[in-house]
1. In the stretch 21-47, what residues are more than 12 Å from the chain's Cα centre (by Cα), without any contact (Cβ under 8 Å) to a residue 40 or more places away in the chain and assigned to a helix (DSSP H, G or I)?
2. Let me confirm something: among ARG40, ARG62, which residue is exposed (fewer than 11 other Cβ atoms within 10 Å of the Cβ) and among the basic types (Lys, Arg)?
3. What's the total number of residues in the stretch 26-41 that are touching a helix residue (DSSP H, G or I) at 6+ places or on another chain (Cβ under 9 Å) and closer than 20 Å to THR66 by Cα?
4. Quick check: is even one residue across the stretch 2-10 free of Cβ contacts under 8 Å to residues at least 60 places away in the same chain, of a type in the set (D, E, K, R) and either surrounded by 11 or more Cβ atoms within 10 Å (Cβ to Cβ) or closer than 15 Å to VAL69 by Cβ (or both)?
Amino acid sequence: MVDVSQHELVPDHTVLDDAELEDVLEEYDIKKTDLPKIQRRDKALPDDAEVGDVVKIVRDSRTTDTAVVYRLVID
């Protein structure tokens, strides 16, 4: 079976630790529940991602080299 998360077109997904999460929430002045959602069954998520975690996704961008987005993992 193919591991989709390792495909070259899938951007890097990283689970944030508590300190990183606090920095992100403070920077944007939001609550964790205000973040866009991603379902736990999404094949691009790391195996250690659990419901309630926040994932940092780093994508290639034509205008800024990289674009960073954050998603809250839901069931």
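The numbers here are math on the coordinates, done by the rules we state, and not lab data. Treat the numbers as computed from the prediction; the structure is a model and nothing was measured. Quick reminder, even Gly has a Cβ in these numbers, built from the backbone with ideal geometry, and neighbours come from all protein chains shown.
1. GLU22, ASP23, LEU25, GLU26, GLU27, TYR28, THR33, ASP34
2. Answer to the selection: ARG62.
3. 2
4. No, the stretch 2-10 has no match at all.
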